[in-house]
Amino acid sequence: MNWYYADQGQQTGPVNDAQFEELVRSGKIHPDTLVWHEGMAAWQTYREVTSPSPPSAPAPLGTAGYVPGQSAEAVCAECGKLFAIQDMIRHGSIYICANCKPVFLQKLAEGAQLNTGALNYAGFWIRFAAVFVDGILLFVVNMCIGLVAGLSAAQAVGAAPKGALVLQLILFAIQMTIGISYEVVLIGKYGATLGKMACQIKVVTADGGRVSYLRAFGRYFGKMLSGFTCLIGYVIAAFDDQKRALHDHICNTRVVFK
């Protein structure tokens, strides 16, 4: 079953039952959050949905794009902004604002993929390509640093053998810091590393939201765990219905096409 919920006046979703329960547990959906799924006659608060006898409510438009409020408004499937329904056009279960109408009609004429609000999960091979690109970039950077450190180490060995060991530890710390910073800063700010940007994919939360810096930090070490399991943590993404690797399961993230 696909669920939708109102977040700061905007419709968000769809999310499946497992994702919905996780949002409830995390506090993203609270008792007063308005929710809806197919088959419901009206948007209701989560408290009313879980009540044994939810109170009756006037039937709304009954579509996923509808966000309840004092006036009938919907989220434009193209720009994501709220508009009065009377000023929008409807196509199936989505609404399009007047400003986006020409672009939307052009997409229909060309047979282009339409934005329905559902997450388009990135598959195993496109994710592998992104990781490969990131690996090459970090390898080049670390190689340059290693060459500089190697020259310094040669001098340190002649002066004091212990100096070479200290230099190697410093080099490892620098490379580790670069790897963490690369992952955390880019995903926290842009939702994607350079490799993911090149492959037109990004990392999001279970409901399609932005990944925080803290979650990106935890995800970095989750990726290390995926690697320590003989790469099985990565391979499971090929068999998961939402294309989640082990670190995605741990941090409750998804990798989707932009």
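The values are calculated or read from the model by the stated rules, or taken from the named source; none is laboratory data. Keep in mind that this is a model prediction, so the values were computed, not measured. Positions of Cβ are generated from backbone atoms using ideal geometry, with glycine treated the same way; all protein chains shown enter the neighbour counts.
Among (1) at pLDDT 80 or above; (2) within 23 Å of the chain's Cα centre (by Cα), where does Leu171 come up short?
(2) is the only condition that Leu171 fails.
If you check Ala57 against the conditions, is it modelled with pLDDT under 80, in a loop (DSSP other than H, G, I, E, B) and out of contact with any strand residue (DSSP E or B) (no Cβ under 7 Å at 6 or more places or on another chain)?
Answer is no for this residue.
With surrounded by 13 or more Cβ atoms within 10 Å (Cβ to Cβ), touching a Phe, Trp or Tyr at 6+ places or on another chain (Cβ under 6 Å) and not assigned by TED's automatic domain parsing to the domain that holds Val15 as the only criterion, which of Val184, Val203 stands out?
Val184
Determine whether Ile29 is farther than 24 Å from Val211 by Cβ and at pLDDT 80 or above.
Taking the combined requirement at face value, the residue does not satisfy it.
Please work out if Pro102 is in the same structural domain as Pro31 (by TED's automatic domain parsing) and at pLDDT below 75.
no
Just give me the residues in the stretch 106-132 being modelled with pLDDT under 80 and on the phi < 0 side of the Ramachandran plot, in sequence order.
Lys107, Leu108, Ala109, Glu110, Ala112, Gln113, Leu114, Asn115, Thr116, Ala118, Leu119
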